[in-house]
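This report concerns only the one structure given below.
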Amino acid sequence: MSEQQSDLPNSDAEWRERLTDEEYKILRESGTEPRFSGEHVDRDDEGIYKCAGCGEVLFDSETKYDSACGWPSFYAADEEKITKLEDNSHGMRRIEVRCANCDGHLGHVFSDGPEPTGKRFCINSVALDFEESEQS
């Protein structure tokens, strides 16, 4: 279950208490983990990916694919649970993806993905928690 907005930290200090240093750097300071370093890059288990900051379900393993970019890639997201912002940092023009619930930085989305969407959501592993599907 995701947390309601009122249950989220209200201050930088509270976020620092809740998150690891690496999670804080990525989710709250828009950092990026090194390519091919994340635990979810090669994961192919069935399940869901949640925001590591608040637990909101953002991606499904059915939409994950190997883009060879070095970060977990998905061709679709739950569009109601993410926000997209123009990001002109580092001399590039990109579209940043953030969690709509806690405003945590997740990664970026590009228009070079596979069908059916043509999108590549390039997301930091550190920004995600994985929950494996229960086997019947």
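The values are calculated or read from the model by the stated rules, or taken from the named source; none is laboratory data. Worth saying up front: this structure is predicted, and the values here are computed from it rather than measured. Ideal geometry is used to build each Cβ from the backbone, glycine not excepted, and the neighbour counts take in all protein chains shown.
Within the span defined as the range 110-132, one or more residues are touching a residue at least 24 places away in the same chain (Cβ under 8 Å), among the hydroxyl-bearing types (Ser, Thr, Tyr) and surrounded by 16 or more Cβ atoms within 10 Å (Cβ to Cβ).
Does the range 64-72 contain at least one residue that is within 14 Å of Leu128 (Cβ to Cβ) and among the polar types (S, T, N, Q)? Checked the range 64-72: no residue is within 14 Å of Leu128 (Cβ to Cβ) and among the polar types (S, T, N, Q).
Would you point out which residue out of Glu62, Glu115, Glu79, Glu46 is more than 30 Å from Ala13 (Cβ to Cβ) and either at pLDDT below 95 or basic (Lys, Arg) (or both)? None of the other options fit; the residue is Glu79. Number of residues in the range 20-41 that are in contact (Cβ under 8 Å) with a residue 12 or more places away in the chain, of a type in the set (Phe, Trp, Tyr) and under 11 Å from Gly104 (Cβ atoms) equals 0.
Taking the criterion of being of a type outside the set (Val, Ile, Thr), more than 11 Å from the chain's Cα centre (by Cα) and at negative phi, the residues of the range 48-77 that qualify are Cys54, Asp60, Ser61, Glu62, Lys64, Tyr65, Asp66, Ser67, Cys69, Tyr75, Ala76. Residue-level check: of (1) among the aromatic types (Phe, Trp, Tyr); (2) surrounded by 14 or more Cβ atoms within 10 Å (Cβ to Cβ); (3) part of a loop (DSSP other than H, G, I, E, B), Tyr49 misses just (3).
Condition check ((1) surrounded by 13 or more Cβ atoms within 10 Å (Cβ to Cβ); (2) of a type in the set (Gly, Ala, Ser); (3) free of Cβ contacts under 8 Å to residues at least 24 places away in the same chain; (4) within 28 Å of Asp7 (Cβ to Cβ)) across all residues:
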| position | (1), (2), (3), (4) |
| --- | --- |
| Ser67 | yes, yes, no, no |
| Pro72 | yes, no, no, yes |
| Lys84 | yes, no, no, yes |
| His90 | no, no, yes, no |
| Glu96 | yes, no, no, yes |
| Cys99 | yes, no, no, yes |
| Gly104 | yes, yes, no, yes |
